[in-house]
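What follows is a set of notes on a single structure, which appears directly below.
Here, each number is a calculation from the coordinates, and none is a lab measurement. Please read these numbers as outputs of a predicted model, since none were measured by experiment. Cβ atoms come from the backbone with ideal geometry, glycine included; neighbour counts cover every protein chain shown.
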Amino acid sequence: MSKKLLIPIEYTVISQKTIEYALSLAQEEDYELYLFRVANPKVVGRRIRRDTLSNALEKAMDSMDRLLMRAIVEVSKTKALELSKVGAIHKRFSVGDLVTEILKMAGNISCDMILMGVPSREDSDFEKGNFTFGGTTVGELIDKAPCSVYVRKTFDETFILL
């Protein structure tokens, strides 16, 4: 049975690098990948109308496709990527509070691991756990996650288990 790897993403190089790592990991081990984008309701609009949500969903799926394709190309440049060895790749989108939505998704899919890249430039802040993802401090996510959380340090490209 496949393990499930949840990858919260923003549309950044950091997320692309995280997906690259996840693809390599999934090729070596039996992982299904879940790319997950959470939109802030303030960005989508105070009152989320059906057409606005539909547009946001369509844009999110297109952006995830582009990010995934770039990651596949980059991994293929450095090593032989055999997509047949990678489990299913799912894309999910939600609107709401970042931490709450990630925790809900992790529970809904019975996630085995959450893998995230964080755009913190301050190593001292990172070491203290004061790093952010999508403008939100992720300490609460780490504390409440139902599984292991691996966080990618931006500049030295290592992951730490939190």
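Say the cut-off is 18 Å between C-alpha atoms; which of Lys59/Lys85; Lys17/Lys79; Lys17/Lys77; Lys4/Lys85; Lys17/Lys59; Lys17/Lys104 go over it?
Lys59/Lys85; Lys17/Lys59; Lys17/Lys104
Give, in nm to one decimal, the length gained when the segment between Met1 and Glu58 is fully stretched (0.36 nm per residue of separation minus the Cα-Cα distance).
That pair, Met1 and Glu58, stretches by 17.4 nm at full extension.
Give, as a single signed number, the net charge of other residues whose beta carbon lies under 15 Å from the beta carbon of Lys144, with Lys and Arg counted +1 and Asp and Glu -1.
Here the charged neighbours net out to -3.
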